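Asker: Right, I'll just put the structure down here and ask away after.
The values are calculated or read from the model by the stated rules, or taken from the named source; none is laboratory data. What you see is a predicted model; the values in this text were computed from it and never measured. We place every Cβ from the backbone using ideal geometry, glycine too, and count neighbours over all the protein chains shown. With ligands, DNA and RNA removed, areas are computed over all heavy atoms of the protein, side chains included. Shrake-Rupley method; radii C 1.70, N 1.55, O 1.52, S 1.80 Å.
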Amino acid sequence: MAGHLYLVSLPIGNLEDITLRAIRILRAVDLIVAEDTRNTRRVLERYHIKTPFSRSYYQGVERKRAEPILSLLKEGKDLALVSDAGTPLISDPGYPLVRATIEAGISIVPIPGPTAAIAALVASGLPTDHFAFDGTVPRKQGERRAYFEAIREEQRTIILYESPHRLLTTLKEIAKVLPERRVVLARELTKIYEEFLRGSASEILQTLDARSEIKGECVLLIEGEKRSARKTESVDVKEVVSLLKKEGISNRTAMKILMCCLDLPRNEAYRLIHAD
Ligand code: SAM
């Protein structure tokens with residue numbers, strides 16, 4: 001019988017952020033498939049996990065190494081895929097292996113745990129009901145500008161992974177293209193110097209300007225475009241009111257429509273409906 005491929009999440013900084021199940025599975029599997037064995041060893045040592053590693057599985061060898069890993073699974077070996085930090089496949093290697101494993105009919109078991117994107121989102125203070133994770137921002141200037149132009153109308157909270165070296169450039173671009181948006185910089189999550197900076201991109205830039213250097217790993221979050229602003233911008237509200245009246249809709253129902261569908265405040269909806 002074929003083995004299982006476990007996708008095991010590891011800490012993103014604080015070594016205590018690992019689940020009991022992750023520890024049990026890492027001890028029980030035949031081999032651990034790691035992005036970089038040196039980084040994973042620190043976690044394994046902390047929890048006295050002695051499971052051997054297979055050959056490293058990192059970006060660049062993903063496709064080449066998927067085949068031998070599949071052979072091990074087919075032989076009945078249980079394997080745990082881990083990345084340097086957080087959840088594998090989230091801006092980390094693993095996707096081709098997961099595809100190939102599914103195609104081979106072999107079972108995949110996620111072992112959930114930390115991921116920087118979600119830790120940053122929940123503490124950001126930005127809406128969490130709808131969000132989009134876009135990974136890393138394009139490096140080339142033209143592509144970076146095009147990316148921020150493209151998300152102008154995005155209503156979901158955007159989550160981005162950014163390196164400290166490119167952080168200022170990216171914030172300057174956001175300040176140009178999306179100057180009004182609330183932005184959150186989440187730095188060094190779960191570590192000693194964990195920090196959240198909240199404000200517009202220019203306000204965050206001002207705070208960072210006062211520092212001699214910016215260290216550590218960063219997540220940037222950008223507020224989505226506000227629904228009400230867009231809706232009322234593109235709709236002629238007076239025309240909607242006149243249409244509702246023409247159709248014989250009661251004032252009470254018309255108020256509800258204006259408030260719920262166009263996000264108008266109650267007093268504004270009342271004023272429009274009762275105006276002659
Ligand atoms: N697989 C990881 C996860 O689940 O979050 C992400 C790996 S990706 C290669 C590395 C990026 O994740 C960093 O450049 C940074 O943007 C973000 N990141 C990872 N750990 C972080 C932390 N402790 N604090 C802030 N950002 C972090």
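Asker: Name every residue in region 129-157 that is part of a loop (DSSP other than H, G, I, E, B) and either on the phi > 0 side of the Ramachandran plot or under 16 Å from the mean Cα position of the chain (by Cα) (or both), in order of residue number.
Answerer: If the condition is that a residue be part of a loop (DSSP other than H, G, I, E, B) and either on the phi > 0 side of the Ramachandran plot or under 16 Å from the mean Cα position of the chain (by Cα) (or both), then 129, 130, 137, 138, 151, 154, 155, 156 are the ones that fit.
Asker: To continue, here is another question. Condition first: part of a helix (DSSP H, G or I) and touching a residue at least 12 places away in the same chain (Cβ under 8 Å). Can you find one or more residues in region 3-12 that meet it?
Answerer: No, that holds for no residue.
Rundown of residues vs (1) in contact with a strand residue (DSSP E or B) (Cβ under 9 Å, 6 or more places away or on another chain); (2) at pLDDT 95 or above; (3) under 30 Å from residue 120 (Cα atoms); (4) not assigned by TED's automatic domain parsing to the domain that holds residue 99, yes/no style:
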| site | (1), (2), (3), (4) |
| --- | --- |
| 12 | yes, yes, yes, no |
| 15 | no, yes, yes, no |
| 36 | no, no, yes, no |
| 51 | yes, yes, no, no |
| 75 | no, yes, no, no |
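Asker: Same structure again: Here's a check for you: in region 242-259, which residue that is loosely packed, with under 13 Cβ neighbours inside 10 Å and not in a helix (DSSP H, G or I) is modelled with the lowest pLDDT?
Answerer: The extreme case among them is 247.
Asker: Something else about it: Just checking, which of 58, 95 is open to solvent by 30 Å² or more (accessible area, probe 1.4 Å), within 16 Å of the ligand (Cβ to nearest atom), more than 15 Å from the chain's Cα centre (by Cα) and at pLDDT 95 or above? It would help to see each step written out before you state the result.
Answerer: Values: 58 fails: at pLDDT 95 or above.
Checking each option against the conditions leaves just 95.
Asker: Is it fair to say residue 77 is of a type outside the set (Ser, Thr, Tyr), away from the ligand (no atom under 16 Å from the Cβ) and in a loop (DSSP other than H, G, I, E, B)?
Answerer: yes
Asker: If you scan region 191-241, which residues turn out to be open to solvent by 90 Å² or more (accessible area, probe 1.4 Å), in contact with a helix residue (DSSP H, G or I) (Cβ under 8 Å, 6 or more places away or on another chain) and modelled with pLDDT of 95 or more?
Answerer: Scanning region 191-241 gives 198, 217.
Asker: Out of 67, 16, 45, I need the residue that is open to solvent by 70 Å² or more (accessible area, probe 1.4 Å), assigned to a loop (DSSP other than H, G, I, E, B) and not β-branched (Val, Ile, Thr). Which one?
Answerer: It is 16.
Asker: Same structure again: Looking at residue 105, is it more than 16 Å from the ligand (Cβ to nearest atom) and on the phi > 0 side of the Ramachandran plot?
Answerer: On the way: more than 16 Å from the ligand (Cβ to nearest atom): yes; on the phi > 0 side of the Ramachandran plot: yes.
Spelling it out, residue 105 is indeed more than 16 Å from the ligand (Cβ to nearest atom) and on the phi > 0 side of the Ramachandran plot.
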